[in-house]
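Contents: one structure, followed by commentary.
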Amino acid sequence: MYNFPMLIPVHDEMTLEALGSRFSPSALEIILAANRKQDSLRNQIGHDEIHFDNNAIDAGNRYIVEQRGHVIASLLSPGVISAWIAFGRLTHTAQDFYSHTNYVTLWLDQFKGAQPAPPEIDPVQKSLIQSPSLHSGKIHFPLDALYFVPFLRNFALSLLPDTSHGKMNLDSHEQGEKFAYARAAAVKRTVYEFELLQKLLTPEMFAKFTDL
Ligand SMILES: [Zn+2]
């Protein structure tokens with residue numbers, strides 16, 4: 001049902017842009033694989049929190065905090081691979097926040113007239129992250145599944161409500177100008193999550209984490 005193979009390059013691209021110089025190649029490889037695995041069929045069904053689907057805003061935020069906790073706990077034990085896996089999972093969910101919720105729309109709505117360029121977006125504006133207007137796309141079966149079949153996409157979109165995953169998601173250039181904002185926010189958020197861990201970890205744990 002829900003495998004989004006076309007999204008994989010976007011997540012890889014964004015993660016590399018944010019973290020490419022911040023980890024060793026072997027660490028990056030594991031982080032990218034864990035990020036990508038979040039879109040496997042097993043992690044799609046019944047896991048709205050991983051993708052901020054179906055209005056799972058609080059659950060998505062909790063999932064990120066949980067994975068951050070796993071990173072720290074893993075670095076306190078001998079291995080390091082499980083820290084990279086947890087961070088890869090975290091980056092996927094943090095990135096999906098911008099493509100699956102209306103955060104970008106809420107951010108843009110603050111500006112009357114000239115809109116700032118995509119790189120100006122603040123990915124963690126508190127008033128928006130806590131806004132009661134923040135919501136994410138509802139998945140409607142089977143129409144949202146048809147959305148991923150290219151020649152059925154327009155048919156599915158014509159029937160889907162505005163609050164659907166299909167109408168709301170911003171995960172490729174086809175979704176128009178808001179995609180650039182969602183992508184820029186996702187890259188900045190990935191850097192933000194890295195820097196947050198840098199503050200939380202001891203220098204020794206941080207060196208082990210980046211493996212540089
Ligand atoms: Zn996802």
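Every read-out reported here was derived from the displayed coordinates using simple, explicitly stated rules and does not represent laboratory data. Source: prediction; values computed, not measured. So basically every Cβ, Gly included, is an ideal-geometry build from the backbone, and we count neighbours across all protein chains shown.
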Quick check on packing: order 75-81, 37-43 by the mean number of other C-beta atoms within 10 Å, highest mean leading. 37-43, 75-81
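With +1 on each Lys and Arg Cβ and -1 on each Asp and Glu Cβ, how big is the dipole of the chain about its Cα centre, in debye rounded to the nearest 20? Mind showing how you got there, number by number?
On the way: 18 positive and 23 negative charges, 34 e Å.
With Lys and Arg at +1 and Asp and Glu at -1, about 160 debye.
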What is the chain's relative contact order, in percent, from Cα pairs under 8 angstrom and six or more apart in sequence? 27 percent
Angle in degrees between helix 25-37 and the longest Cα principal axis of the chain, rounded to the nearest 10: 30 degrees
Figure the gain on full extension for Q175 and L159 (residue separation times 0.36 nm, minus the Cα-Cα span) and round it to one decimal in nm. 4.1 nm
Round to the nearest 10 and give me the degree value, 0 to 90, for the angle of helix 8-19's Cα axis relative to the longest principal axis of the chain. 40 degrees
E195-D12 pseudo-label distance in nm [points 7 Å out on the Cα-to-Cβ vector]: 2.8 nm
Give the angle, between 0 and 90 degrees and rounded to the nearest 10, that separates the Cα long axis of helix 178-200 from the longest principal axis of the Cα atoms of the chain. 20 degrees
Convert each backbone phi in the range 86-94 into a coupling constant with the Karplus relation 6.51 cos²θ - 1.76 cosθ + 1.60 (shift: θ = phi - 60°), then list the ³J(HN,Hα) values in order as whole Hz, x for Gly and Pro. 4, 5, x, 4, 4, 5, 4, 5, 4
Dipole in debye (nearest 20) - the range 1-98, about Cα centre, beta carbon charges: Lys, Arg +1; Asp, Glu -1: 300 debye
Run the reach check for K138 against aspartates and glutamates, Cα to Cα strictly under 19 Å, same-chain hits fewer than 8 apart removed. What comes back? D39, D48, E49, D53, D58, D96, D162, D171
How large is the helix-only mean residue ellipticity at 222 nm for the chain, computed as the sum of -39500 (n - 2.57) over DSSP H runs with n ≥ 4, divided by its residue count, in deg cm²/dmol to the nearest 500? -17500 deg cm²/dmol
